[in-house]
Each structure stands twice: as structure tokens, then as C-alpha cells.
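We did not get these values from a lab; they are worked out from the coordinates using the rules stated. Model, not experiment: these values are computed from the prediction. No Cβ is skipped: glycine too gets one built from the backbone with ideal geometry, and neighbour counts run over all protein chains shown.
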Amino acid sequence: TQSRSSAASDVYKRQLFENENDEPLPRLPNILQAIVDETCKSTLVPPSLAIIPALGILAGSLGGGVRVHRGGGKHTLPNLFLLAIAKSGSGKGQACNLIAKPLQAAIAARVELWNTQDLPQIKAELRITERRLKESERKGQKDPSLENIHALAELEAAKAQLEKDLGRGPSFIVDNVTSEALALKLEGQPGEAVLAFSPEARGAAGVIMGRYNNGQADEALYLAAFSNESYPYHRIHRPPVELQKPSLSVAWMIQPDKAAELFGKDDLTEGGLLPRFLITDTHAEPESEPENPHTPDEGVLERWKDLIELALDYRDKANSPVTIDTDAEALEIFRAFTNASKARARNTGDLSDLSCFPVRWGEQAWRLAVSLHVAAHGDDFPNQVLTAKTAQQAVALAQWFSHHQLSLMSRSRYEKEEKRWQRLREILLSKEERSETLRNLRDRNGFQQKEVERLAQIFPDGFEIKEFIPEGGAGGRGSKRAVLKLNRR
């Protein structure tokens, strides 16, 4: 029986599964760094956990109100998909509550204003419109002229719009929602921007994995709302929802068992959802209560509150978003990082089997840069150009997340490689000489040479690659063959 593990493959697995992410979180611009530090001290969580709600709350608060110009007529919004993995009892709820407090307070104030002013106004207009509609119907029955029909149609349209407006209150945070409920919430917000935020996102993850979709991943709306692409949502008994440029931000925390389910669902990777997430395994543990608990710095909390309120003000003006310009040096930093990441994704790159992840790292750096720029400059951010310093911070943060992402993907990556090795072994066993040319493996069996070479490195006790030269050393080209190693246990 062929051994499925060797000293070399064990070394390879250790390299994959070791925590490559012990490097510290890159420094963040002033207030972002301060709120992360205060959260860590107050709630006893690591920075890798606190950064998720901090970035998510800021990006979600900006919504579609701010964008960055990245050259060539392209613009990028700040919305992010963020995911932290943390055990129950590790402090994630307390951390989220502390960071989300100013956003929750701002929403409560907006809801109060809505309930006392906007909503009564809409209801009053709706009642008047309904009365006028009945009068117009009676008039149309007596005189079905084109003029009366047009008047009736205008009133019907006004009524439909007011009924829509009734559902457009300012509570734009969602948690465990179906795709239909999410589409309706997006439709009703300025810039079609919503924040999916939860310190315990088991239910939300379950919806995406297909709880209400017969087990099939239900990620289509998430994909469109991440990329700000139009999305028609058709319903049987109600008018369709036509989203023009939705902007969804996500900041979720889930426990390790649910994370394993997510990463084990291939269609979430192949469909592109998981590659859109910035992911960190926090390794957070329940910490002992200190003798002298830390009290959050009121000055930091006030500055964080001011930043979130500033972001919300721009979110409310999403119909005419502010555009941040980028200087030439920053553009070059983003370009170099994007091209280097894409090179790793190509067939010749070291991450070709995970190409859907590195191809998005450059875009993620741009998205991060918007929030970092706003945090760095506060009220004056619209007048400031995005500089090389912010670009370097964004790239460093994107790289930090990419290390976590690859570490989390490594186990499923190794499992897939084991399956591919077993398939290759079956092919070689079926051959009389227990070998096959790399050309035939490519043309007949779908094994690219690079993949075969990689498998030979990972499973050196299983097979080797040899070059065979025609007899006499001339008269034809040699061929590389994958040769099964027998009598190994």
C-alpha cells in the first residue's frame, strides 16, 4: 500500500498549518488605531478581533457617499466584506458593542426624527393621495378621456412611491436576513448602502450557505452588492426590486465550527464570495478579568463618535458622492501590489490553485484606503489627496489579511491536493509501466505540468518525475514522465 504521508509532506503541512499571522497588525491612522487600542484594553480582545468591527463600522457608515479615483476613469467605494473567527466567550460581543455604540446612537437619533417628522408627513401625503385617487377613479368612470387616464396613472405612481417611502426608515444595519429582505433594505437607503453587522453571524452564514435555498449557496445578491453592480430582484406577489448600484458592507464574527462549514462549501469559493472577504482567525481566548479593569478613554470615544457622524453625513449625500483624488506615487504603489498579486494567481504563480483570492487583493487595498484616508484627515478629507503613506498603509493591511486568508485556506487546499494525488495515483496504477508522460496527463487527464510538479514535492514517497531520453541519446526529444514509486509504505 502506498504511503499517503511522508516526512516531506509532514513538513509541508506544518508550514501550511502553522500560524503565519503572528506578525502585528499594521499601524492604522490616528483615530482608527486609538479605537482599536482602547477596545483591546477594555474588552480583553486581540487587535485582530477589534479591527473587524472598527473597519466595518467606518466603511458601512460611509456607504456610497465617498469614493476614490484610481485612474483611467475608475472609482472604488469603501464597502468591505470582513469576517473574524473567534470562540464563544472571547469578548467579541463586548468589542462590537463598544465600537458600534456611536453608530447605534446616530441611527436611534435618525429613527426618532423619522418617527416624529418624516413618517407622519409621508402617511399624511399617502392618505391625501388615496382620497384623490378615489375621486379620480370616479371621474374616470364618468369620462374615460385620455386626460383623466393620465391623471389617474400619475396618482397611482405617486401612491406607489409613497408606499415605498414608508419602508425607507434610517435603520440600515441588518443581521440575519434573507436575500429578499436584504434587497428591500438596500433599495430603501441612501446610495442603496447597508451594513450587515453581527458579533454572532451563525444565522447569517447559514442563510448564505443555503438554509432557505435547498442547500444551494445564496450569494448572488452579496456578489452584486460588493461590486456595486445592478441587481434585479423579482418576486412573485410583489413588484420587482431594481437595485442600480447597491453598496453592501459586511462585518461578521463567527465561531470556528461555522467557519469550517463556510470554507468547506466549495461553491462559496468558486462562486467568488469568500475571496471577497477580508478574513482573520483571531485565536482569541476567554481572558481572566483583571484586578483593575481598563476604562475607555473618553477623548478617544468622542473622536470616534465624531468620525462616524461625519461618515454618516456623507452617506446621506450618496446621490453626489465625494471623490478622493490619488497622487502619482500612491497610484504606483497600488499598481505594483495589484500586479504582484495577480502574478501569483497565474498558472506560473505559487497560488494558481487559489487564484480567485490573490486577484482581489489589489482591489481590497483600494477599498481599505478610502476608510484609512477619511480616518487620517477627518473633516478635511475631501480636500486632501490620497498619498503614498495611506497607500502603503492600505497595502500593508491588505497583505496582513491575505496571510490570514491563505492560512485559513491551507487546510482545505491540502485536502484537495491529497484528493488530486489519489486521482493521479489511480491513473499511474492503471498503466502497465506504472508511469505516464506529463503531456498525456495534461491532454487526457487534466493535470497541468505545474500541478504534477507540485504534487511530487508534497508527496515525494508517492511518485517522482523522470526525464526519459530516446535510446542512443538522439533521434527525438525526451519526455518527462510521472513514475509511481512502488513498495513504499
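Diffusion coefficient of region 74-136 by Stokes-Einstein, Kirkwood radius over Cα pairs, 4 °C, 1.567 mPa s: 79 µm²/s.
Which value, to two decimals, describes the C-alpha radius of gyration of region 343-394 once divided by 2.2 N^0.38 Å?
The value comes to 1.50.
Calculation over all alpha carbon pairs of region 221-273 in 10 angstrom steps from 0 returns a P(r) of 21, 36, 32, 12 percent. Taking a ≥ b ≥ c as the square roots of the eigenvalues of the alpha carbon gyration tensor, region 138-183 is prolate, as a/c is not under 1.5 and a/b beats b/c. Give me the angle, in degrees from 0 to 90, between the Cα long axis of helix 30-43 and the longest principal axis of the Cα atoms of the chain, rounded to the nearest 10. Compared with the principal axis, the helix lies near 80 degrees. The alpha carbons of region 76-198 give a radius of gyration and a Dmax of 21.1, 71 Å, in that order.
Rounded to whole Å and ordered largest first, report the semi-axes of the equivalent ellipsoid of the chain derived from its Cα gyration tensor (root of 5λ). Can you show the working numbers first?
Values: eigenvalues 499, 181, 94 Å².
That gives 50, 30, 22 Å for the three semi-axes.
The long axis of helix 119-142 is offset from the longest Cα principal axis of the chain by roughly 70 degrees.
Diagonalise the Cα gyration tensor of region 321-374 and give the resulting equivalent ellipsoid semi-axes, square root of 5 times each eigenvalue, largest first, whole Å. Don't jump to the answer; show the numbers that get you there.
Numbers: eigenvalues 132, 29, 9 Å².
In descending order the semi-axes read 26, 12, 7 Å.
Expected output is a single nm value to one decimal: the length gained when fully extending between Asn440 and Asp380, i.e. 0.36 nm times separation in residues minus the C-alpha distance. What is it? Length difference between fully extended and current span is 15.4 nm. For the chain, the 222 nm mean residue ellipticity estimated from helices alone, with every DSSP H stretch of n ≥ 4 adding -39500 (n - 2.57) and the total spread over all residues, rounds to -17500 deg cm²/dmol. The modelled label-to-label distance for the pair Asn214/Thr295, using points 7 Å beyond Cα in the direction of Cβ, is 6.0 nm. Radius of gyration over Kirkwood radius for region 302-456, both on Cα atoms: the Rg/Rh ratio is 1.21. Take every Cα pair under 8 Å whose residues are at least 6 apart in sequence, average their separation, divide by the length of region 27-148, and the relative contact order is 22 percent.
Peptide packing for 192-199, 173-180, 225-232 was compared via the average number of neighbouring C-beta atoms within 10 Å per residue; ordered from the highest value, the list is 192-199, 225-232, 173-180. Separation of the alpha carbons by more than 28 angstrom is noted, of Lys87/Lys419; Lys342/Lys466; Lys74/Lys305; Lys258/Lys419, for Lys87/Lys419; Lys342/Lys466; Lys74/Lys305.
Exactly which trypsin sites (Lys or Arg not before Pro) in region 55-94 are in a DSSP loop and have at most 13 other Cβ atoms within 10 Å? Mind showing how you got there, number by number?
On the way: sites: Arg67, Arg70, Lys74, Lys87, Lys92; in loops: Arg70, Lys74, Lys87.
Passing both the DSSP loop test and the Cβ count: Lys74.
Mean separation of Cα pairs under 8 Å and 6 or more residues apart, divided by the residue count, gives the chain a relative contact order of 24 percent.
A viscosity of 0.890 mPa s and a temperature of 25 °C, combined with the Kirkwood radius over Cα pairs in Stokes-Einstein, give a translational diffusion coefficient for region 163-283 of 164 µm²/s. Applying the criteria of a DSSP loop state and at most 10 other Cβ atoms within 10 Å to the GluC sites (Glu not before Pro) of region 242-328 yields Glu291.
Can you pull out the chymotrypsin sites (Phe, Trp or Tyr not before Pro) in region 228-270 whose DSSP state is coil and whose Cβ has at most 16 other Cβ atoms within 10 Å? Display every interim value, and only then the final one.
Values: sites: Tyr233, Trp252, Phe263; in loops: none.
For chymotrypsin sites (Phe, Trp or Tyr not before Pro) across region 228-270 that sit outside H, G, I, E and B with at most 16 neighbouring Cβ atoms in 10 Å, the list is empty.
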